[in-house]
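Trainee: Encoded as structure tokens, here's the structure I'll be asking about.
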Amino acid sequence: MTLLTLAVPVAWLVFQRLADTAQDSVQQRGLVQPVPVEVAAVEQGRIERQRFFSGTLQAHTEIVLSPKISGRIEQLDADLGDTVSRGQVVARLDSDEYVQSVKQAEAELAVARANLAEADSLLKIAERELERIANLRQRGVSSESELDAARADQLARQAHVTVTSAQVTQAQAALESARIRLSYTQVTANWRGGSDQRVVAERFADEGETVGANTPLLRIAELDPIRVVIFVVERDYALLQQGQHASLTTDAYPGDAFFGRITRIAPVFRESTRQARVELRVDNPHLKLKPGMFVRVLVTLEQADSATIIPEQSLAVRAEQRGVFLVNSEDDAVIWRPVTPGIQQGGRIQVVNETFTGRVVVLGQQLLDDGSAITVAGERPVTGQ
């Protein structure tokens, strides 16, 4: 074991000495050996900068249905997972007390209207009596005091009509209030905007329970479209904008792809995480996506059409400058071409503000300089003169 350990470095030193000697001999004879390399074609086309984000699905909108009054639940017509339509009655409370209140209010309104009719009749009688006394007074048959008494009675009847008319209005308002309270015994699923159908996401009560006012009964969620929430760091935040498209995948449906677009970008970052909230809207016509699911979101941050694209492996550094070795096919040599990298997608990189074609060296460029002779793997080697 000790002999083998000593033999390895000795062999390496011998090999290195032989290689240096061979190189000196080649240089003394004035020969230049071509460098074996591998090359790849420069592309012209579309390239995108994409980023994966982890996100969570949320319902696009949610409402909690609650009764405005207290009472016993007589009927609950929706359960977990049921579809609910706009305007549908989903629950009914015991209404006997409120029905009686409506009947009482209707009776009071009828009395008020009868009193008004009586007051109108008495006013008409008082007006005719005042007119008769006034005529008699003009002929000197009646006295001034009789005319004053008739005028006072007419004014009193007129005031009575005003009072009874107000009582009718009051009774009408009381009846309307009683009817509104009666309507509160029916809990209706009403919402503004969005689709006409939603899904029961959660049920909080059962039939027969006595609940108080504003006690939650059902939580109704809109699942089409559905919302995706992701959080981004500062590096990616500046590249996001409303309307950008994204694709989503989820473990529940690994073979399906879903598509959405960015709808809202938070104007502030969370101090605890230094991340900003971004929301996406995703169409969900088959309701496969559910709130609470974990999703992976692929967002295209930048894109360029008709771009010059090179392999990432072709990049080299010379004199602290990044560039590529472009193959000169006429004399089997390379040309050093400084480049400015742009969008990176996989192993491909966009060349910014440059347009060229041909082939670039992707393997062996560490042995090259501008004008170096090369031999491409798989092609007949050519020795420089």
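The values are calculated or read from the model by the stated rules, or taken from the named source; none is laboratory data. What you see is a predicted model; the values in this text were computed from it and never measured. Because the Cβ atoms are built from the backbone with ideal geometry, glycine has one as well, and the counts that use them run over all protein chains shown.
Trainee: Please go through (1) at negative phi; (2) surrounded by 12 or more Cβ atoms within 10 Å (Cβ to Cβ) for ARG235 and return the number of the only condition it doesn't satisfy.
Mentor: (2)
Trainee: Would you mind telling me which numbered condition in (1) surrounded by 20 or more Cβ atoms within 10 Å (Cβ to Cβ); (2) more than 23 Å from ASP369 (Cα to Cα); (3) of a type in the set (A, V, I, L, M, F, W, C) VAL324 fails?
Mentor: It is condition (2) that VAL324 fails.
Trainee: Given the criteria modelled with pLDDT of 90 or more, touching a strand residue (DSSP E or B) at 6+ places or on another chain (Cβ under 7 Å), surrounded by 15 or more Cβ atoms within 10 Å (Cβ to Cβ) and on the phi > 0 side of the Ramachandran plot, does GLY55 qualify?
Mentor: Details: modelled with pLDDT of 90 or more: yes; touching a strand residue (DSSP E or B) at 6+ places or on another chain (Cβ under 7 Å): yes; surrounded by 15 or more Cβ atoms within 10 Å (Cβ to Cβ): yes; on the phi > 0 side of the Ramachandran plot: no.
Judged against the criteria, GLY55 is not a match.
Trainee: Still on this structure: Which ones in the stretch 184-201 are surrounded by 13 or more Cβ atoms within 10 Å (Cβ to Cβ) and either farther than 21 Å from LEU287 by Cα or of a type in the set (Lys, Arg) (or both)? Working first, answer last.
Mentor: Of the stretch 184-201, the ones surrounded by 13 or more Cβ atoms within 10 Å (Cβ to Cβ) are 184-189, 191, 194-195, 197-201.
Answer for the stretch 184-201, where residues must be surrounded by 13 or more Cβ atoms within 10 Å (Cβ to Cβ) and either farther than 21 Å from LEU287 by Cα or of a type in the set (Lys, Arg) (or both): TYR184, THR185, GLN186, VAL187, THR188, ARG198.
Trainee: Let me ask another. With the structure loaded, tell me whether SER142 is assigned to a loop (DSSP other than H, G, I, E, B), assigned by TED's automatic domain parsing to the domain that holds SER165 and on the phi < 0 side of the Ramachandran plot or whether it fails that test.
Mentor: Numbers: assigned to a loop (DSSP other than H, G, I, E, B): yes; assigned by TED's automatic domain parsing to the domain that holds SER165: yes; on the phi < 0 side of the Ramachandran plot: yes.
When the stated conditions are applied, SER142 passes them.
Trainee: If the requirement is being surrounded by 15 or more Cβ atoms within 10 Å (Cβ to Cβ) and at positive phi, which of these qualifies: GLY71, GLY81, GLY87?
Mentor: Going through GLY71, GLY81, GLY87 in turn, the sole match is GLY71.
Trainee: If we only count strands (runs of 3 or more DSSP E) wholly inside the stretch 32-132, which ones have 2 or more residues that are under 25 Å from the mean Cα position of the chain (by Cα) and not hydrophobic (A, V, I, L, M, F, W, C)?
Mentor: Working: elements: 35-41, 43-65, 71-76, 83-85, 88-93.
Result: 43-65, 83-85.
Trainee: List the pairs whose first member sits in the stretch 263-275 and is in the same structural domain as VAL229 (by TED's automatic domain parsing), whose second member is in a loop (DSSP other than H, G, I, E, B), and whose Cβ atoms are under 8 Å apart, counting only residues at least 6 apart or on separate chains?
Mentor: If the second residue must be in a loop (DSSP other than H, G, I, E, B), the pairs left are THR263/GLN242; ARG264/GLN242; ILE265/LEU240; ILE265/GLN241; ILE265/GLN242; ARG274/VAL233; GLN275/VAL233; GLN275/PHE269.
This table checks each residue for (1) within 30 Å of GLN58 (Cβ to Cβ); (2) touching a strand residue (DSSP E or B) at 6+ places or on another chain (Cβ under 7 Å); (3) basic (Lys, Arg).
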| site | (1), (2), (3) |
| --- | --- |
| GLN167 | no, no, no |
| GLN170 | no, no, no |
| LEU175 | no, no, no |
| ALA178 | no, no, no |
| SER183 | no, no, no |
| ARG198 | yes, yes, yes |
| GLU202 | yes, yes, no |
| LEU218 | yes, yes, no |
| GLU222 | yes, yes, no |
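Trainee: Any residue in the stretch 148-171 that's not assigned by TED's automatic domain parsing to the domain that holds LEU130: show its pairings with residues that are charged (D, E, K, R) at Cβ separation under 7 Å, as long as the two are six or more apart or on different chains.
Mentor: none
Trainee: Kindly provide the set of residues from the stretch 309-321 that are charged (D, E, K, R) and under 11 Å from VAL351 (Cα atoms), ordered by number. Before you say what the answer is, go through the steps one by one.
Mentor: Of the stretch 309-321, the ones charged (D, E, K, R) are 312, 318, 320.
Within the stretch 309-321, just GLU312 meets the criteria.
Trainee: From the set of residues in the stretch 238-260 that are among the aliphatic types (A, V, I, L, M) and in contact with a strand residue (DSSP E or B) (Cβ under 7 Å, 6 or more places away or on another chain), which is surrounded by the fewest Cβ atoms within 10 Å (Cβ to Cβ)? Steps first, answer last, please.
Mentor: Of all residues in the stretch 238-260, those among the aliphatic types (A, V, I, L, M) come to 238-240, 246, 248, 252, 257.
Pick out the ones that are also in contact with a strand residue (DSSP E or B) (Cβ under 7 Å, 6 or more places away or on another chain) and you get 239-240, 246, 248, 257.
Working: LEU239: 14, LEU240: 18, ALA246: 24, LEU248: 24, ALA257: 10.
The extreme case among them is ALA257.
Trainee: Tell me, which strands (runs of 3 or more DSSP E) wholly within the stretch 189-254 include 2 or more residues that are among the polar types (S, T, N, Q)?
Mentor: In the stretch 189-254, the matching strands (runs of 3 or more DSSP E) lie at 245-250.
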